[in-house]
Amino acid sequence: MHTLNIIGAGRLGRTLARLWSERQIFSIGSVCNRSLASARQATHFIGAGTTAADIESMPPADFWLIAVADDHIEAVAKELAPQLRSTNSGQTPVVFHCSGALPASALCACANAQLASAHPVHSFANPEQSVGDLPGSFVALEGDSTARQQLEAAFSGIGCHCITLSAEQKVLYHTGSVMACNYLTVLMDLSLRTFAAAGVDENTARQLLEPIVLQTAKNNFALGPEKALTGPLVRGDIQTVTRQLDALSQLANTTGQTELAGLAEIYRTLGSAALPLAKKAGLGAAPAQQLQTLFGPNPLR
Ligand SMILES: NC(=O)c1ccc[n+]([C@@H]2O[C@H](COP(=O)([O-])OP(=O)(O)OC[C@H]3O[C@@H](n4cnc5c(N)ncnc54)[C@H](OP(=O)(O)O)[C@@H]3O)[C@@H](O)[C@H]2O)c1
């Protein structure tokens, strides 16, 4: 079995290491975090591996996962480079990171190794939960072909599906995922704030939103965004949209919460972005033009 060392066994690193260890895909070698206490917690969670106080004291390994924050990957790769040696298995070491936005070349300081990036399309908010939920997720691989093939086998072994990307695709590919996943969370927050302004407590609002948000997500996957779009905009209910915009514009004044001043602007921008979808879904040219005037210039044009 190949050995895997991990630099940065945080939420993602410890989850992957535990799954790979449990499935006997990698033998977990050395784990180095910023603090030794955190590395100990990680090896406890993984159920395998030894801790290292610094990168310099880590023994050789076949695979090196650098799972620190994106902004520190290059610096850690530079620190790792002088450490890289072949193991007894004779394998050229593979060094990889899991950033969605950065290409494998962020690791170019480790020129003697095979380099790859492997981005699991999963939110590792809670490692204990991710251990159960990660199988079935997709992983986007990019980098040297031998490294990609070996990582594809490793991820397939824990139930993930792999796709291959080029280095040039990575930033926009990752942005696509940010748009849907991260900004969905932001929209949820804005929705809850609007409910709160209407006097609906957060608990009730969350309960009320859960079935409709889940249903909307389901409709999007089953039917596509064009057919999933419902509501006043696609119906051409101009007066309703106008009343909602007025209410949002007045919120900061009526509640005294200045941070709500931007809500009307966000509603306008999203409404404007929704118009092409609404038109495809049957919204007539005249109401579409009236709505466009209400929202201002279309940012997608
Ligand atoms: N979280 C996600 O949902 C997710 C999803 C896909 C991809 N990713 C990618 O996975 C990578 C890690 O993200 P994460 O969310 O797992 O981060 P995280 O939970 O913040 O963990 C980062 C880990 O790196 C360690 N670390 C930071 N600097 C270090 C250094 N110089 N030397 C050694 N260890 C160092 C930290 O140690 P301490 O614990 O001691 O501070 C921590 O354990 C990122 O590239 C991210 O883009 C994350």
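FYI, it's all coordinate maths here, none of it is from the lab. What you see is a predicted model; the values in this text were computed from it and never measured. Glycine gets a Cβ as well: all are built from the backbone with ideal geometry, and neighbour counts include every protein chain shown.
Quick rundown of the values:
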read-out	value
Inter-label distance, nm, simple model (7 Å from Cα along the C-beta direction), residue 227/residue 123	2.7
Whole-angstrom Cα spans of the range 187-227 along principal axes, big to small	34, 16, 12
For the range 43-61 and the range 188-216, distance of Cα centres in Å	44
Net lengthening on full extension, residue 290/residue 169 (0.36 nm per residue, minus Cα-Cα)	39.8 nm
Charged-residue dipole, Cβ positions (Lys, Arg, Asp, Glu), the range 1-77 about Cα centre, Debye nearest 20	380
Value of [θ]222 nm, deg cm²/dmol, for the chain, DSSP H segments ≥ 4, -39500 (n - 2.57) each, nearest 500	-15500 deg cm²/dmol
Distance-filtered residues of the range 185-210 - backbone nitrogen under 18 Å, label point 7 angstrom along residue 217 Cα→Cβ	185-192, 205-210
Largest-first principal axis extents of the Cα set of the chain (Å)	73, 36, 31
Around residue 45: net Lys/Arg minus Asp/Glu count, Cβ-Cβ under 12 Å	+2
Furthest towards positive pole of dipole, 12, 200, 212, structure part the chain, Cβ charges	212
Rounded to the nearest 20 debye, dipole of the range 172-295 from Cβ charges on Lys, Arg, Asp, Glu	440
Residues 133, 62, 144 arranged by fewest to most Cβ contacts within 10 Å	133, 144, 62
Computed magnitude of the charge dipole of the chain (debye, nearest 20; Cβ of K, R +1, Cβ of D, E -1)	540
Euclidean distance of C-alpha centroids, the range 261-301 and the range 147-167, integer Å	40
Sparse-neighbourhood loop sites, trypsin sites (Lys or Arg not before Pro) in the range 14-97 - DSSP loop, at most 14 other Cβ within 10 angstrom	23, 34, 85
Of all DSSP beta bridges in the chain, antiparallel share, percent nearest 5	20
